1. Go through the stretch 215-230 and report how many residues are touching an Asp or Glu at 6+ places or on another chain (Cβ under 9 Å), of a type in the set (D, E, K, R) and either assigned by TED's automatic domain parsing to the domain that holds TYR20 or assigned to a loop (DSSP other than H, G, I, E, B) (or both).
2. Select, from ILE344, ILE259, ILE332, the only residue that is under 25 Å from LEU79 (Cβ atoms) and at pLDDT 95 or above.
3. Kindly evaluate ILE422 against the criterion of being touching a Cys at 6+ places or on another chain (Cβ under 7 Å) and under 23 Å from SER71 (Cβ atoms).
4. Can you find, within the stretch 11-59, the residue that is farthest from the chain's Cα centre (by Cα) among those that are among the aliphatic types (A, V, I, L, M) and part of a helix (DSSP H, G or I)?
5. So which residues in the stretch 117-135 are over 17 Å from LEU251 (Cβ atoms), surrounded by fewer than 24 Cβ atoms within 10 Å (Cβ to Cβ) and not hydrophobic (A, V, I, L, M, F, W, C)?
6. Listed residues SER457, SER366; which is within 24 Å of the chain's Cα centre (by Cα) and among the small types (Gly, Ala, Ser)?
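The values are calculated or read from the model by the stated rules, or taken from the named source; none is laboratory data. Note that the coordinates shown come from a computational prediction; the quantities given were computed from them, not determined experimentally. Note: ideal-geometry Cβ built from the backbone for every residue, glycine included; neighbour counts use all protein chains shown.
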Amino acid sequence: MISKKDFMADFKILNISNQYADYIVPYASSRQSFLENYEAYGAQILNGYYGLLHVNRTILPFPDLATTGYSLIPKLFTLLDTTSLEETGVLTLQRQPYLNLTGKGILLGFIDTGIDYLHPAFLNNANQTRIAAIWDQSSSQGLPPADYYYGTEFDQTTINQALNSDNPYEICDTRDTNGHGTALAGCACGSADFSIPFSSPAPDAGILVVKLKEAKPYLREYYYAKEDAPVYSEADLMMGLRYLAQKAASLNLPLVICIGLGTNQGDHGGNSPINNMLTNLPAINPLCNVITAIGNEGQSAHHFEHELTAKEAMHTMEIQVDENTVGFQLEIWGHPPALYSISIRSPLGEDIPRIPLRLRKQDLISFVLDNTIIYLNYELVQINSENQLILLRFQNPSNGIWQITVHCTECGDRSFHAWLPITGLLSSNPVFLRPNPGTTLCVPSDSRDVLTTGAYSAYNQSFYLEGSRGYTFNNLVKPDICSPGAALTVPRINGGYTTNSGTSIASAFLSGAVAQLVQWSIGRNPPVYLKNQELLAYLIRGASRRDSIEYPNPMWGYGTLNLAQIFYVLSG
């Protein structure tokens, strides 16, 4: 009989070892049936719709898209990079004697690079930690959370023991070596330090942290991620969401989750497995809200869009590729009932004629004049989104201008979108020569059931130019709102403070502000818990808007964050 210890060790190997490829698999049977049917593949449950399988790569070589399909392979996610407190009405709600909204009684959850738990920004007045728990997916120091099998969970007692020790990391060896997670947590709910000065929207909130382990090497290689890129698997991100929701439920506290990561993979219409996870998170914990950053892809030249006219049968897009590019992936998405196929011209002028549309077959395209190899997959009906996907993986592409011609053979909606990898993922930076800054929002900010924020400067009211734009692929209004995200003071790893900008910082700021709103709502008599759509309605009513701008719009959403104005509206 296998002992519990051996069983956990086996599952840890599956989750950690590069020998096993991870697949995110939808299931329609019961959870128990799924676990039993796929026991040989180390089946694990992600939520009520998706499970995780681990397949030995020596048995089923990776990748095999003709067998598995696009959606089963985890996507790679990467980081999105006191005037603001006054401008948004946050300080007004903290100082108002009747309201006194500081996030007390609320948990803020972060799935990121970890947290510097030694930093004073995460201590209370008694120099005890405000962190309820940390699940470090990369640690082997102690036991993982129940039913998770990998990493180490550090509870509040352990963290406090470490704080009182001369060698804290001997007791609690989890660190944020990047600083991104520490910055987000501090921006949302750091304890006030008036000598800086520094404060945050929710300085009395509790904190939950998932430190993501970096993606397995086989997945990094598949997506051509550069060696030092901080990249994380969709599967681990989904596991982190499940952990946060379950942990908050066990503590019987409302939870606000901040996600400051994103990817350019997916149809940007809210149809990836991570989107499904976010939509169905209330099934795990109904007292849960999620805030996402829209991304920093507005000026990256990674998005192309075109609508073919009635007289057009094709349209060509051009991609500039630098020297020494190892590889990159291009995704082209189109709405039904139109049918799309492609032809290709290399920088050296070699033509690949239009490749007929095929159902679930991978074509390997090689060239006579150079060493480029292109793997082409058509998915006529992509299983998650029901849209058509054309997936191209360029290996050792020649430098210069690649021309991809998209052919359309049916009527109906004749618009298509294409996305290149997110900034920072590759060692090079392929770009479209005629990009479109619209629909540059990152996944999972395209989720219907999250609050998505863009970024602006509270100092001069200007839009954060690098910020991504909406709307989604299916024309859902995103961002919902804009929050301060330029030159905000945040905690720095190993002590001290620095300034940071970007939509991920804006998402942290909004997360702290939402914690204030949740504190107010549950403090009413009787208590009221606000779902994300209800929170959005309040934020829209309170948002600041300019007469010269039409709202909603793809840059500003419904306006800029103004918490105090919500209460002015409510009071009549």
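1. Residues meeting the conditions: 1.
2. None of the other options fit; the residue is ILE259.
3. Considered against the rule, which asks whether it is touching a Cys at 6+ places or on another chain (Cβ under 7 Å) and under 23 Å from SER71 (Cβ atoms), ILE422 comes out as yes.
4. Per the stated criteria, the residue is ALA40.
5. Residues satisfying the conditions are HIS119, PRO120, ASN125, ASN127.
6. One residue alone meets the criteria, SER457.
Residues are listed down the side, and each one gets a yes or a no for (1) out of contact with any Leu (no Cβ under 6 Å at 6 or more places or on another chain); (2) under 22 Å from PHE328 (Cβ atoms):
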{"position": "VAL25", "(1), (2)": "no, no"}
{"position": "PHE34", "(1), (2)": "yes, no"}
{"position": "ALA43", "(1), (2)": "no, no"}
{"position": "GLY51", "(1), (2)": "yes, no"}
{"position": "VAL55", "(1), (2)": "yes, no"}
{"position": "LEU76", "(1), (2)": "yes, yes"}
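Here's the yes/no breakdown for (1) part of a loop (DSSP other than H, G, I, E, B); (2) among the aliphatic types (A, V, I, L, M); (3) buried (at least 19 other Cβ atoms within 10 Å of the Cβ); (4) more than 13 Å from the chain's Cα centre (by Cα):
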| residue | (1), (2), (3), (4) |
| --- | --- |
| HIS268 | yes, no, yes, no |
| ALA310 | yes, yes, no, yes |
| THR316 | no, no, no, yes |
| PHE328 | no, no, yes, yes |
| ILE332 | no, yes, yes, yes |
